[in-house]
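Have a look at the structure below before the remarks.
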Amino acid sequence: MSLNKMVKKVLLSFAFFGFTAKEAFSASVGEMAQQTAGKATTLWDLLVSGGPSMIFLGLLSMAATALVIYHFIQIIPHKLTPPDFIENLLFLLDKKEYEKAVSVCRQQENMISAIALKGLQKISKGKSVVEEAVQYEGKARIEKLWQNLTYLGDIAVIAPLLGLLGTILGIIEAFGYFKAVSIHPSILTAGLAKAMVNTVFGLVIAVPCLIFYAYFRGRLTLITTNAERAASEIVHAITK
């Protein structure tokens, strides 16, 4: 399953939940504070107290979870650039067994097989064409992997900003209660809680995203190095 399809499936699965929860989030903070007075605060109470912005933070967390799962499944150095496959392919190319090399590339789907296949398809057009085809395919596939990882970094940036927006709205709402003749302390506290909840959940989403971003960036750096080295060896083996 491609990354785009996976993210879209997760977002669509929870979009209905997000919009149906909007009515619950639209209840006034003061009313909720009076209803929950004297009761233990649950996670759901915290989520509801955050207001409508929590819907978008929830969707961001779901998209981030989908991205992390995708990268754990797909971004594996030994899966995308398997050393045994590279060694076997170079052995066939050194022996000029190009048809067998094409067959092996079509049987095993990975980044190196796709890169080599592009070069083998252009073998009759000369060294420069083969080199250009291999470099173009390798660059396109590596850029796609990095682009997918960028989405995770984007969520790490957007989540705190969205939490900050909810925080500001919560503070405005809290200070809006000063216009009332009499203010119950729980109502004012609930308004401030709304502000803090948005900040907390924005950071709860952003911090793990940054950690996973750094982790997968290390994986992609290794994959990029392996792919570039393999592409260079493939071009040399085909054109020598």
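Hey, among LYS125, LYS144, which residue is of a type in the set (Lys, Arg) and under 21 Å from the mean Cα position of the chain (by Cα)?
LYS144
Within the range 180-188, identify whether any single residue is at pLDDT below 85, in contact with a Ser or Thr (Cβ under 6 Å, 6 or more places away or on another chain) and over 30 Å from LEU92 (Cβ atoms), and answer yes or no.
Looking only at the range 180-188, we keep the residues that are at pLDDT below 85, and these are 180-188.
Adding the requirement that they be in contact with a Ser or Thr (Cβ under 6 Å, 6 or more places away or on another chain) leaves none.
Looking through the range 180-188, none of the residues is at pLDDT below 85, in contact with a Ser or Thr (Cβ under 6 Å, 6 or more places away or on another chain) and over 30 Å from LEU92 (Cβ atoms).
Which of the residues belonging to the range 78-109 are in contact with a Leu (Cβ under 9 Å, 6 or more places away or on another chain) and buried (at least 18 other Cβ atoms within 10 Å of the Cβ)?
LEU80, THR81, LEU93, ALA101, CYS105, listed by residue number.
Report yes if some residue within the range 53-71 is in contact with an Asp or Glu (Cβ under 6 Å, 6 or more places away or on another chain), surrounded by 19 or more Cβ atoms within 10 Å (Cβ to Cβ), in a helix (DSSP H, G or I) and of a type outside the set (Lys, Arg); otherwise report no.
No, there is no match, as no residue in the range 53-71 is in contact with an Asp or Glu (Cβ under 6 Å, 6 or more places away or on another chain), surrounded by 19 or more Cβ atoms within 10 Å (Cβ to Cβ), in a helix (DSSP H, G or I) and of a type outside the set (Lys, Arg).
Count, please, the residues in the range 132-170 that happen to be touching a Lys or Arg at 6+ places or on another chain (Cβ under 9 Å) and acidic (Asp, Glu).
Residues flagged as touching a Lys or Arg at 6+ places or on another chain (Cβ under 9 Å) and acidic (Asp, Glu) within the range 132-170 amount to 2.
Just a yes or no: is a residue in the range 119-128 in contact with a Leu (Cβ under 8 Å, 6 or more places away or on another chain) and surrounded by 17 or more Cβ atoms within 10 Å (Cβ to Cβ)?
Step one: list which residues in the range 119-128 are in contact with a Leu (Cβ under 8 Å, 6 or more places away or on another chain), which gives none.
Among the residues of the range 119-128, not one is in contact with a Leu (Cβ under 8 Å, 6 or more places away or on another chain) and surrounded by 17 or more Cβ atoms within 10 Å (Cβ to Cβ), which makes the answer no.
The values are calculated or read from the model by the stated rules, or taken from the named source; none is laboratory data. If you're wondering where the values come from, they're calculated on a predicted model, not measured in any experiment. Please note: Cβ atoms are built from the backbone with ideal geometry, for glycine as well, and neighbour counts cover all protein chains shown.
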